[in-house]
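Read-outs throughout are calculated quantities, based only on the coordinates presented, and are distinct from any laboratory measurement. Worth saying up front: this structure is predicted, and the values here are computed from it rather than measured. We place every Cβ from the backbone using ideal geometry, glycine too, and count neighbours over all the protein chains shown.
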Amino acid sequence: MMMRTIYRHVVLEFGEFPWMVAILLKPEPTYIGGGSLLAPNIVLTAAHKVDSLAGDRLLIPAGEWDLATNEEIYPHIDRNVSEILIHDNYSKAANANNIALLVLELSLSHNPHISPICLPTAPASVDVHIDHANCIAMGWGRRSRAYRQPVNVLKELTIPLAPRTECIQMLQAMTHGPFESMRATSPLVCPTVAQPNRYYQIGIVAWGLDCNLGRVPAVYSNVSYLMPWLSQQLNRLRIDPNIILYNR
């Protein structure tokens, strides 16, 4: 698991993070979380959001920005889900291996507002190429625990990477509890030092406290730790590694 401290909460520009997708529950549809596009037909998300659902109950709008309107610069593209793949050793009680892949019925074409995220080749904590001070989580999650409805416009949180020991100490000192699964199921991405506009996904929101509390740690599934399972599933699905863009 990976832990971070949340600071800044701002609205994203349209198409700023083209890998971000919403996960909607049919038939309404109702927003239940977010995910990231890994390949034209593969979405990465947290297992705890989909572990009790069948794929045909989900709708994935890619290139979405404002959930309340269809008047963006480019239209979002909806896709149905044909299969949900959950880590074999996922444990909801222990919050372990909290990762899932959604296989889309139809592939998405590359567009200015729709393209995949890069995956890491080394753990973020030791990767000297990662800018640890400017990692970002994004999503349509609710503003706070008191405000139950999700926001309509895609937003971001700037999240500096903190040492694990420091985060554990902060968690032990917390008196705000209880902890809860975050609604956003956000990807956690970090830029590289050399190229600030190149991002790698290093985590997926697992659980945490109210983001509005300030310097409060949150817990993320560690994508680099889970790469063996991800690679195995992508190979089984015959996804070209060059499409995944590990080193875009």
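At a temperature of 25 °C and a viscosity of 0.890 mPa s, determine how fast segment 45-106 diffuses translationally according to Stokes-Einstein, using the Kirkwood radius over alpha-carbon pairs as Rh; express D in µm²/s, rounded to the nearest whole number. After rounding, the answer is 188 µm²/s.
In this simple spin-label model, placing a label point 7 Å from the Cα along the Cα-to-Cβ direction at both residue 109 and residue 88 gives a separation of 3.9 nm. Note down the net charge around residue 24, summing +1 for each Lys or Arg and -1 for each Asp or Glu among other residues with Cβ under 12 Å from its Cβ. In short, +1.
Here segment 67-97 is scanned for amide nitrogen atoms under 14 Å from the site 7 Å beyond the Cα of residue 26 along Cα-to-Cβ, giving 78-84. Computed packing ranks the peptides 78-86, 158-166, 187-195 as 187-195, 78-86, 158-166, most packed first, by mean other Cβ atoms within 10 Å.
A straight Cα-to-Cα reach below 20 Å connects residue 155 with the lysines 49, residues fewer than 8 places away in its own chain not being considered. Backbone amide hydrogens, once placed in the peptide plane, bring residue 204 within less than 5 Å of 188, 221, 223, excluding anything fewer than 5 places away on its chain. Once the chain from residue 232 to residue 13 is taken as fully extended at 0.36 nm per residue, the excess over their C-alpha distance is 75.4 nm.
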